[in-house]
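Structure first, commentary second.
The values are calculated or read from the model by the stated rules, or taken from the named source; none is laboratory data. All values derive from a computational prediction rather than experimental measurement. As a convention, Cβ positions derive from the backbone with ideal geometry for all residues, glycine included, and neighbour counts pool all protein chains shown.
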Amino acid sequence: MHTKRNSSAANRPLFLFLIARVLIALATQMLTIAVGWQMYALTGSPFYLGLIGLAQFFPMFLLTLVVGYAADRYDRRIIICICQMVECAAVLVLALGSFRGWLTKEGILAIVFLIGSANAFLNPSLQAMLPNIVPKELFPNAAASSTSVFHSAVIVGPALGGMLYSLGPEVVYIIIAALAFSGAMLVLFISFIKGYAKAEPATIQTIFKGISFIKSRPEILGAISLDLFAVLFGGATALLPVFADTVLHIGSFGLGLLRSAPAAGAMIVSAYLARRPLQTKVGHKMFVAVAVFGISTVLFALSTSLFLSLAILVVMGAANVVSVVIRSTLIQLMTPDNMRGRVSSVNSLFTGTSNQLGEFESGLTSAWFGVVPAVVIGGIGTLVVALWWIKLFPGLYRVDRLKAGEN
């Protein structure tokens, strides 16, 4: 009985973290659907959907070094709380503007830029905090569990956002604000099972130390850059409103289904990995997963059937999560705790570049070539990147096991 109480107390920080992660992810996914659909309704242009991604990317790019140092120097829980409160306030402005009818496409982009600035601080702190609440030997399982609950929210969030949008965008925004506020409050109750070493006082050297560390570890650099270029070319999520409207003709609720489908595949695989972590040939498996992601992207672009498109997106999400779990575990286990914020901030920049800048790239190429050809070209680009990265980072391809300090 005493052992059970101790086990329960040890699991409490992880449990609270997972709940907070669900709330934050739900808010983010619902916001993506609402903003994307509202922008497309205002403009009818895929280019402006790409600008949403660009507006989120710029603050992340500009603040990368600062946010990483902040995550290593200050209490990561406080940083997360402040970021969520900023998002809450910004989303309430979106709700008011939608209700009053004065919200414009420029206003949406400005508020998205503000939210992107808050998320630039949020993501490194959120990534760096998990190793402080679970023992190192349990981290791969915890990382897979975190990924699993995240993708659960990604499944529910878009579908819920799409349904609620039919009641008016202000309804979605108010619920998003409530979720962001709840996540902020919950994070404050998470206790660390072990403290973390704070970064040294700010100097040019300490601020840039995360970049220097990544450059000295080819496996980490290869994993981060592989995700960057693979998703940069293969990411078609920004164009899903166009596919929902002009290719599949399924409306805002159907858009929610499309956004949820990759998360369904990701949740299934990440739940499996939480119980059965990858044991051997993890580098090889990551490259195979990236190749499957590229092939799925091409097939999705060519599909005109809703059910086939959903099935392909499920496979795409399943392949992507394998790469995500391997990359995140590799980075956290190979990075000293007093540098995790800075390394995570660079990782967030690369991830943000692949996601947000990838959305801009998709919007731009679709304006040039058309939606379907743009996504086909992107999927082929992902396959080329996977093959090229095997030659550039052979050590990453040969990584066998995910262990702390192991190359």
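Under the condition of being within 23 Å of residue 134 (Cβ to Cβ), buried (at least 18 other Cβ atoms within 10 Å of the Cβ) and polar (S, T, N, Q), the residues counted in the stretch 268-297 number 1. In this entry, residue 90 is excluded by the filter for residues that are assigned to a helix (DSSP H, G or I) and modelled with pLDDT under 90.
Yes/no matrix, rows are residues, columns are (1) more than 30 Å from residue 125 (Cα to Cα); (2) modelled with pLDDT under 80; (3) touching a Leu at 6+ places or on another chain (Cβ under 8 Å); (4) buried (at least 21 other Cβ atoms within 10 Å of the Cβ):
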site	(1), (2), (3), (4)
341	no, yes, no, yes
366	yes, yes, yes, yes
369	yes, yes, no, no
373	yes, no, no, no
383	yes, no, no, no
386	no, no, yes, yes
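Within the stretch 39-67, being small (Gly, Ala, Ser) and in a helix (DSSP H, G or I) holds for 41, 50, 53, 55.
Pairs linking a residue in the stretch 26-55 that is more than 22 Å from residue 171 (Cβ to Cβ) to a residue that is hydroxyl-bearing (Ser, Thr, Tyr) and buried (at least 23 other Cβ atoms within 10 Å of the Cβ), with Cβ atoms under 7 Å and 6 or more positions apart or on different chains, are 46/366; 50/362. Taking the listed residues 321, 290, 315, the one that is free of Cβ contacts under 8 Å to residues at least 60 places away in the same chain, assigned to a helix (DSSP H, G or I) and of a type outside the set (Gly, Ala, Ser) is 315, with no other qualifying.
Filtered by the rule that a residue be surrounded by fewer than 23 Cβ atoms within 10 Å (Cβ to Cβ) and not charged (D, E, K, R), the stretch 96-110 gives 96, 97, 98, 99, 101, 102, 103, 104, 107, 109, 110.
Yes or no, residue by residue, for (1) aromatic (Phe, Trp, Tyr); (2) buried (at least 24 other Cβ atoms within 10 Å of the Cβ):
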{"position": "35", "(1), (2)": "no, yes"}
{"position": "39", "(1), (2)": "no, no"}
{"position": "44", "(1), (2)": "no, no"}
{"position": "47", "(1), (2)": "yes, no"}
{"position": "66", "(1), (2)": "no, no"}
{"position": "72", "(1), (2)": "no, yes"}
{"position": "85", "(1), (2)": "no, no"}
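Do we have residue 221 as farther than 23 Å from residue 45 by Cβ, surrounded by 24 or more Cβ atoms within 10 Å (Cβ to Cβ) and at pLDDT 80 or above here? Here the answer is no, as residue 221 does not meet what is asked. The residues of the stretch 149-173 that are crowded, with 23+ Cβ neighbours inside 10 Å and of a type in the set (Ser, Thr, Tyr), listed by number, are 165, 173.
Within the stretch 15-24, does at least one residue satisfy the condition of being free of Cβ contacts under 8 Å to residues at least 12 places away in the same chain, out of contact with any helix residue (DSSP H, G or I) (no Cβ under 6 Å at 6 or more places or on another chain) and surrounded by fewer than 20 Cβ atoms within 10 Å (Cβ to Cβ)? Checked against the condition, which is being free of Cβ contacts under 8 Å to residues at least 12 places away in the same chain, out of contact with any helix residue (DSSP H, G or I) (no Cβ under 6 Å at 6 or more places or on another chain) and surrounded by fewer than 20 Cβ atoms within 10 Å (Cβ to Cβ), the stretch 15-24 yields at least one hit.
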